[in-house]
């Protein structure tokens, strides 16, 4: 406070220190976000590196908050819903970068918590040697979900086949390996082969039914994948490589 102003205040019988202005979030040029299911932690700095934003936002507030900010660089760990938020915030005009959690960890201060995680993301995204993860499109995420679903169903189908083979083997009955072997086994169960004890059929029949159902669902997914491969030039080119079929080609494109 300058001398004349203080003098006039003293004459009026009071001395009032001028209020210090709190830095505006509008000054932030870089943000770090710690993603969560419900409450997000945001850390923002200005061009000089001074902290101008440290706050928690509920999920419904995130988009509204960043819509009110000028274009900025935003860093987040590539996990959970990161690709969704990457697309959402990019559409608002921000430059969004996703980073592998292992590469962010060195920039997180000790005594880890949500606020420090956001601070670490804010610092890590500014590093010139940082490695970034491309933001996936909705189509790419759907393709990956397609393969995860297929992989799960294939594992369950294999478990059922092994369970049926194991039960029969304990009764002294064997079946050949491979697709032909499992088909023969299923037919023996479905036709109530007299070599299989009636009591065991009670256990094997529902397992065979589940195997058939899973096999049908896997076939539907395979048709979806094949249809997509036929529409993707990059996937079609991959199928020209020996031993690379539509499933592998589609999974490779989805993972890029």
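FYI, it's all coordinate maths here, none of it is from the lab. Please read these numbers as outputs of a predicted model, since none were measured by experiment. Positions of Cβ are generated from backbone atoms using ideal geometry, with glycine treated the same way; all protein chains shown enter the neighbour counts.
If you take the Cα centroid of region 131-185 and the Cα centroid of region 206-256, the two points sit 13 Å apart. Of the beta bridges in the chain, as assigned by DSSP with both residues counted there, near 60 percent are antiparallel.
Using a cutoff of 8 angstrom between alpha carbon atoms and counting only pairs six or more residues apart, the relative contact order for region 138-255 works out to 32 percent.
FRET efficiency for the pair residue 243 and residue 162, taken as 1/(1 + (r/R0)^6) with r the Cβ-Cβ distance and R0 = 35 Å, rounds to 0.85. Projecting label points 7 angstrom from Cα along Cα→Cβ for residue 55 and residue 144 puts them 3.1 nm apart.
Available extension along the chain between residue 37 and residue 67 is 8.8 nm, counting 0.36 nm per residue and deducting the alpha carbon span. When Rg/Rh (Cα atoms, Kirkwood Rh) is calculated for this entry, the matching label among (i) 1.02; (ii) 1.28; (iii) 0.95 is (ii). For region 88-150, rounded, prolate or oblate, judged on the Cα gyration tensor with a ≥ b ≥ c (square roots of eigenvalues), a/c < 1.5 rounded, else prolate if a/b > b/c? Prolate is the answer for region 88-150, as a/c is 1.5 or above and a/b outweighs b/c. The residues 121, 203, when put in order of fewest to most other Cβ atoms within 10 Å, stand as 203, 121.
Taking a ≥ b ≥ c as the square roots of the eigenvalues of the Cα gyration tensor of region 25-124, is the shape rounded (a/c under 1.5), prolate (a/b larger than b/c) or oblate? In terms of gyration-tensor shape, rounded. Compared with the dominant Cα axis of the chain, that is its longest principal axis, helix 246-255 is turned about 10°.
Each of residue 151 and residue 234 was given a label point 7 Å from its Cα along the Cα-to-Cβ line. The distance between the two points is 1.9 nm.
Relative contact order, whole percent, for the chain stands at 13, derived from Cα pairs under 8 Å and 6 or more residues apart.
Extension gain, residue 223-residue 90: 0.36 nm per intervening residue step, less the Cα-Cα distance, totals 44.5 nm.
Taking every DSSP beta bridge that has both ends in region 25-124, the antiparallel portion is near 55%.
The long axis of helix 114-124 is offset from the longest Cα principal axis of the chain by roughly 90 degrees.
Axis angle, to the nearest 10 degrees, between helix 198-231 and the longest C-alpha principal axis of the chain: 60 degrees.
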